[in-house]
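Structure first, commentary second.
The values are calculated or read from the model by the stated rules, or taken from the named source; none is laboratory data. Bear in mind that the values here come from a model prediction, so they are computed numbers and not experimental data. Because the Cβ atoms are built from the backbone with ideal geometry, glycine has one as well, and the counts that use them run over all protein chains shown. For accessibility, only protein heavy atoms count, side chains too; no ligands or nucleic acids. Shrake-Rupley method; radii C 1.70, N 1.55, O 1.52, S 1.80 Å.
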Amino acid sequence: MAGNAVASSPQPAPSPVSPPGEALISLRNVTKTYGVGATAFQALKGVDLDIAPGDFVAVMGPSGSGKSTAMNILGCLDVPSSGTFQFRGVHVELLDRDQRALLRRKYLGFVFQGFNLLARTSALENVELPLLYRGDAKKARRETAMAALETVGLTDWWDHTPAELSGGQQQRVAIARAIVTRPDVLLADEPTGNLDSERSVEIMQILAELNSKSGITVVMVTHEPDMAAFAHTIIHFKDGLVERIEKQHAPGQVVA
Ligand SMILES: Nc1ncnc2c1ncn2[C@@H]1O[C@H](COP(=O)(O)OP(=O)(O)OP(=O)(O)O)[C@@H](O)[C@H]1O
Ligand SMILES: [Mg+2]
């Protein structure tokens, strides 16, 4: 549980369809409407979704089907217009902005298509940032961030700025930054969207290894079936709804 971060918020009884401890993430009849009145657009139309701890999920579907909207809700960046979203049994839709920020900082890591690294800042300093926000001392920050860079195979590149790194290397720095706080869940919205296929496979291998070795639950949006093939579960979105869920192979099973 998120400790004192959410302890004071009202908590309805757990939903009977998702007993505590089973689903890590549980959406029930989630809708999201952007805008109001005549310009209102319903991007999610009643999504039901459970994600088990330790799963590796690929989210697929046509452009505009609601994938990023759903990811923003899973990432506690946005809230549903209606419906419920439980994360670790906590009803996130009842939390305020600050409580959601605490959940994010403690349990979630984010990777984006565009890497989102600070320019003119070394790989190491980029990875240290979440630890700085958390208040870690300088020496501990260095050591933890270097260990995260080692996980993504960038030990030798720690003092390079993003401009001095390839796209694939920049995304590896972004992954190191996302995992440096040891989150439960890594959320990645088209993490290989800006990379060629060879670099994309390298990124997928890192995500698969984080999932299998560190037990991080990975939820990743991708348009590419080759990348989705690394996941255990594929969730297909269509027109703001989950169209179908495909189970590919058991967690822990070696792929590709
Ligand atoms: N902030 C917003 N304001 C208004 N409409 C939005 C907003 N964000 C998304 N939408 C609309 O909601 C729908 C779903 O968008 P979303 O970004 O979730 O799609 P997506 O599945 O991620 O698509 P893509 O594959 O192109 O990234 C789209 O029609 C989009 O135009
Ligand atoms: Mg999107």
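Extension gain for ARG182-ALA163 works out to 4.2 nm (0.36 nm per residue, less the C-alpha to C-alpha distance). For the pair ALA137 and THR33, the difference between a 0.36 nm per residue extended length and the Cα-Cα distance amounts to 33.2 nm. For PHE85, the shell of other residues with beta-carbons less than 14 Å away shows a net charge of +1, using +1 for Lys and Arg and -1 for Asp and Glu.
Note on ASP96: accessible area is roughly 80 Å² with a 1.4 Å probe, heavy atoms of protein only. Candidate membrane-span-like segments in the chain, meaning DSSP H helices with Cα atoms spread over at least 24 Å of their own axis and a Kyte-Doolittle mean of -0.5 or above, are 197-214, with no membrane implied. Here each label is just a point 7 Å from Cα along the line to Cβ, and for ILE245 and ASN194 those points are 3.2 nm apart.
Given a 1.4 Å probe, how much area per residue of the chain is accessible, in Å²?
47 Å²
The length gained by stretching the chain between ASP98 and HIS223 to full extension, at 0.36 nm per residue less their Cα-Cα distance, is 41.7 nm. Within the listed set LEU95, LEU108, LEU27, the Gaussian network model of the chain (springs between alpha-carbon atoms below 10 Å) gives the highest mean-square fluctuation for LEU95.
Taking Lys and Arg as +1 and Asp and Glu as -1, the other residues whose beta-carbon sits under 10 Å from that of THR222 total -3. For the chain, the share of DSSP beta bridges that are antiparallel, to the nearest 5, is 55%. Accessible surface of the stretch 57-185, 1.4 Å probe: 50 percent of it comes from carbon and sulfur atoms.
For the stretch 98-189, rounded, prolate or oblate, judged on the Cα gyration tensor with a ≥ b ≥ c (square roots of eigenvalues), a/c < 1.5 rounded, else prolate if a/b > b/c? It comes out oblate by the Cα gyration axes.
Compactness of the chain is given as radius of gyration and Dmax, 18.2, 55 Å, from Cα positions.
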